[in-house]
Amino acid sequence: MVEAKIRLTDNWTFRACGEQEWMPATVPGCVHTDLLRNGRIPDPFYGTNERDLPWIDKQDWEYRTEFEVPEAMLQAPHLILVFAGLDTYADVELNGQPILAADNMFRTWKVDVKQWLEPKGNQLTVRLRSPVKEDLPKLERLGYALPATNDQSEAGGLGDKKISIFARKAPYHYGWDWGPRLVTSGIWRDVWLEAHDVCYIDDLFIQQVEVGADLARLKGIAEVVCAEPWSGVLRIRADDHQWETLLSLDAGRHTVALDMEIAKPRLWWCRGLGEQHMYTFQAELLRENKRVAERLARTGLRSIRLVQEQDVAGRTFYFELNGIPIFAKGANHIPNDSFLTEITYERYRHEIASAALANMNMLRVWGGGIYEDDMFYDLCDEYGILVWQDFMFACSMYPGDEAFLRSVRLEAEDNVKRLRNHPCIALWCGNNEIDTAWSHYNEHAGWGWKKAFEPEIRDKLWRDYEELFHRLLPEVVNRLAPGMAYWPSSPLCEWTGDIRQHATNRSTSGDIHYWGVWHNVEPFDQYNVNIGRFVSEYGFQSFPEYRTVLQYAEPSDLAIDSDVMLAHQRNNQGNQLIAQYMKMYLPEPRDFASFLYMSQLLQAEAMKTAIEAHRRKMPYCMGSLYWQINDCWPAISWSSIDYYGRWKAIHYFAKRSFRDLLVSIDGSQSGQVDVYVVSDEGEAASGTLQIRLYDALGTLLRQTEQSILVPARTAVKAATFRTAELLGEHDPAVVVLQAAFIRRNGEETVSEGHYFVPMGKLKLTAPSIRVRRLEEDGGVRFMLETDVLAKAVWLQAEAEGIFSDNFFDLIPGQPRTVEFHARSEGQSPFVPADPGAVTVRSLVDFAKPRE
Ligand code: BMA
């Protein structure tokens, strides 16, 4: 067999076109990071440095390397040069010969270069044309501006000329309401040369025709490329199974299929439901029993279905995995960096492991970023995180010309093929928020975009929209990943082609994005009434912690309206909005550092309110994905984990509110308190429900107890109280209500503390929190006890890592033990370790003392 591969990632240099000097370059990489490493620009994430960098995207850049090819390899019938990603308009030459003109960042480019290769001194050059210079003329030609709400053209020195929609390039590079405008160019994914024999397997898809506990019916679909007519055997193996078929092929590219069955397959499950078993399928081409080619595919066997069925309320919208209805718990994911090649395996793993630790089972790869790296999906497979996968279109209208559509078709084919073996993929979705923003069938709805256009252009834009999202993309998904669900836009009510199509906050079918809280400044309790069948976005911003702020700001910048703090806040008025909500719910912070803590607590409260409201509405509502889990730079944003991987308060809150068994207290109905038990468990649980009212000293003021049965995968309202009766003569500002579900085996699940006044109105006194440090097995545990109610206790460690719990309330007489786990590059993402110095503070430490 002559299969071989050499990576072409060494010896690269780069320069601005027209300049003399070549500088060392990193491939994969991008111009910004290469300039930074060569000391030509300051850190783009620091202070307001980003503002000085838009010149980079107006410039053409050139990369080159020289490489050798081993003699043996040169003899191979096929020599394919592969660029797994070029950002974006790239002209590639090999030994002076133009071999490729790329124009889509999301595609994989393969060129057979056998005829141009030499054993030594091969010159490979990649010329990257400025995406700005390339696309400005397209805007001129079109003659009108297409809406692109988040494109920060002004920050790029382009006035109101929004050109992001013309490039098939990560939309967020042009800015977003949580990210800077850093329009990169580069060789952003791996580059290699691969050698093949006469015949090779270019792609292997394990199609899951029907998968059940007793039998998996599969199709092994191989794309075979032959340099000349070829006959032989295609064999596929997995564990001790083996299937084969005879092939007799002409020269060219062929798709060949092999029916396969596995009895009693080990199924793949998402987190919480079972193991994440993966099979490795090995396909080979054999001639006279000698192997000519090989290709591996890893996949997990499972059936996944989006269930949309009429019901009394409207229409369901949930995922069913191996026959089990899933309540999707999770968040939206954006790219982990403005400079994509800075994202290491460890950073991806930190994110996905943090999602799993927070009891999530789904992430949405949102349409303004990228089709993620293979590592991301491998990790989701491994940790049991389902993926809602958007195509990369967001909050904009796009061109509909033939060249654009052709490029998108090829992009969609490349990515659906690349990702279709991953069991984590649950859905392909056409775009983010375009259906609602345009609202074609409702003159008065939408974001006002339609109004800017004459009727013919309006119709044209909608026809283009339909071509792309209602025909082209679903056709690709159906053809290349048969059986996989496609949903044209998130959110969408129903795919009807009339006024019923567009989602609202109260839609009773499809998915919704609820942004009344935050963008429309509605109070948190609105989360209790704006609940859809699947809430795929809702969110609230916060500041990162002090340590993170000091990584991008000077001590003199520490004010919410300083130039630097506003530069790292890309949602207009965002910092003011945080301050405004803080006044509604929290005490006044002492100083800037206290403001940061409070902003996190505020966000956490908002998200807890939403998550628990959604889960209490199960099975009407079957999904809750908050906006957003991560950041692409150090910023003030909706993230629950900051750019440096530090968990904000909300991530700990989410961990508790997403637990498989949740006890949730709902005080949103006026004059009453309802206690729910919500279960995602596969079996019914019986036990007792204890409801306890305490004062700030931990005195038990009231207690009720009842036995209950919690059926599998249900939310039950277990108890209701009249608030006035419950409180009696007690001052509502000094009491806390707790509900605990105690299983037969004694295991206890306790609700969050429920309060009868907003946090800002609680009469809290300074607690004395006793911390006992218990060292064991390389790790450190802390036992915390308090003398008076301590609200939102924050343990902050010197070392980077996480506590098993944090930002929790401590009630006297209820000690808590938490463990520290350091972030690790080793075998596991988190390991028990010594956190170094630990400070323990609670709400009163950050609140301005009352006069
Ligand atoms: C939603 C998202 C993003 C945005 C977020 C916050 O609309 O889809 O476009 O970042 O809200 O505004």
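Is there a residue in segment 331-352 that is under 21 Å from Trp268 (Cβ atoms), out of contact with any His (no Cβ under 8 Å at 6 or more places or on another chain) and within 16 Å of the ligand (Cβ to nearest atom)? Checked segment 331-352: at least one residue is under 21 Å from Trp268 (Cβ atoms), out of contact with any His (no Cβ under 8 Å at 6 or more places or on another chain) and within 16 Å of the ligand (Cβ to nearest atom). Checking each residue in segment 513-538 for being within 12 Å of the ligand (Cβ to nearest atom) and either in a strand (DSSP E or B) or out of contact with any helix residue (DSSP H, G or I) (no Cβ under 8 Å at 6 or more places or on another chain) (or both) picks out His513, Trp515, His519, Asn520, Ser536, Glu537. Let me spell it out: the conditions are (1) open to solvent by 20 Å² or more (accessible area, probe 1.4 Å); (2) within 15 Å of the ligand (Cβ to nearest atom); (3) of a type in the set (A, V, I, L, M), and Ile578 meets all of them except one. Which number is the exception? Ile578 satisfies all of (1) open to solvent by 20 Å² or more (accessible area, probe 1.4 Å); (2) within 15 Å of the ligand (Cβ to nearest atom); (3) of a type in the set (A, V, I, L, M) except (1).
Conditions tested, residue by residue: (1) out of contact with any helix residue (DSSP H, G or I) (no Cβ under 9 Å at 6 or more places or on another chain); (2) surrounded by fewer than 23 Cβ atoms within 10 Å (Cβ to Cβ).
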{"site": "Glu154", "(1), (2)": "yes, yes"}
{"site": "Gly157", "(1), (2)": "no, yes"}
{"site": "Phe166", "(1), (2)": "no, yes"}
{"site": "Lys169", "(1), (2)": "no, no"}
{"site": "Asp203", "(1), (2)": "no, yes"}
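Among the listed residues Ile636, Ile665, Ile708, which satisfies the condition of being among the hydrophobic types (A, V, I, L, M, F, W, C) and closer than 30 Å to Val564 by Cβ? Break it down into steps so the answer makes sense when it comes.
Working: Ile665 fails: closer than 30 Å to Val564 by Cβ; Ile708 fails: closer than 30 Å to Val564 by Cβ.
Among Ile636, Ile665, Ile708, only Ile636 is among the hydrophobic types (A, V, I, L, M, F, W, C) and closer than 30 Å to Val564 by Cβ.
When segment 731-749 is filtered for residues that are under 21 Å from Val788 (Cβ atoms) and surrounded by fewer than 16 Cβ atoms within 10 Å (Cβ to Cβ), the ones remaining, listed by number, are Asp731, Pro732, Ala733.
Strands (runs of 3 or more DSSP E) fully within segment 664-769 that include at least 3 residues being out of contact with any Gly (no Cβ under 6 Å at 6 or more places or on another chain), of a type in the set (A, V, I, L, M, F, W, C) and within 30 Å of Phe846 (Cβ to Cβ): 735-743. Scan segment 544-563 and give yes if some residue there is within 16 Å of the ligand (Cβ to nearest atom) and buried (at least 24 other Cβ atoms within 10 Å of the Cβ), otherwise no. No, the conditions are met nowhere in segment 544-563. Identification of strands (runs of 3 or more DSSP E) wholly contained in segment 13-87 with 2 or more residues that are aliphatic (A, V, I, L, M) yields 78-83. Residue pairs whose Cβ atoms lie under 9 Å apart, sitting 6 or more positions apart in sequence or on different chains, and linking a residue in segment 496-515 that is on the phi > 0 side of the Ramachandran plot and of a type outside the set (Lys, Arg) to a partner that is surrounded by 14 or more Cβ atoms within 10 Å (Cβ to Cβ) and not in a loop (DSSP other than H, G, I, E, B), are Gly497/Glu466; Gly497/His470; Gly510/Arg315; Gly510/Trp487; Gly510/Ser490; Gly510/Leu492; Gly510/Gln501. Selection of segment 372-395 for residues being hydroxyl-bearing (Ser, Thr, Tyr) and open to solvent by 10 Å² or more (accessible area, probe 1.4 Å) yields only Tyr383.
Selection over segment 449-465 of residues that are closer than 21 Å to Ala403 by Cβ and open to solvent by 40 Å² or more (accessible area, probe 1.4 Å) gives a count of 3. Hey, any hits in segment 321-333 for a residue that's in contact with a Phe, Trp or Tyr (Cβ under 6 Å, 6 or more places away or on another chain), touching a residue at least 60 places away in the same chain (Cβ under 8 Å), open to solvent by less than 20 Å² (accessible area, probe 1.4 Å) and in a loop (DSSP other than H, G, I, E, B)? Within segment 321-333, none of the residues are in contact with a Phe, Trp or Tyr (Cβ under 6 Å, 6 or more places away or on another chain), touching a residue at least 60 places away in the same chain (Cβ under 8 Å), open to solvent by less than 20 Å² (accessible area, probe 1.4 Å) and in a loop (DSSP other than H, G, I, E, B).
Would you call Ala593 among the small types (Gly, Ala, Ser) and either over 28 Å from Ala313 (Cβ atoms) or touching a Lys or Arg at 6+ places or on another chain (Cβ under 9 Å) (or both)?
Working: among the small types (Gly, Ala, Ser): yes; either over 28 Å from Ala313 (Cβ atoms) or touching a Lys or Arg at 6+ places or on another chain (Cβ under 9 Å) (or both): yes.
Here the answer is yes, as Ala593 does meet what is asked.
If the condition is being in contact with a helix residue (DSSP H, G or I) (Cβ under 8 Å, 6 or more places away or on another chain) and outside any loop (DSSP other than H, G, I, E, B), then segment 336-350 contributes Thr341, Glu342, Tyr345, Tyr348, Arg349.
Once segment 478-495 is narrowed to residues that are without any contact (Cβ under 8 Å) to a residue 60 or more places away in the chain and away from the ligand (no atom under 16 Å from the Cβ), the residue that is farthest from Trp366 (Cα to Cα) is Arg479.
The values are calculated or read from the model by the stated rules, or taken from the named source; none is laboratory data. Note that the coordinates shown come from a computational prediction; the quantities given were computed from them, not determined experimentally. For neighbour counting, all protein chains shown are included, and Cβ atoms are generated from backbone atoms with ideal geometry for every residue, glycine included. SASA here: full protein model, heavy atoms, side chains in, ligands and nucleic acids out. Shrake-Rupley method; radii C 1.70, N 1.55, O 1.52, S 1.80 Å.
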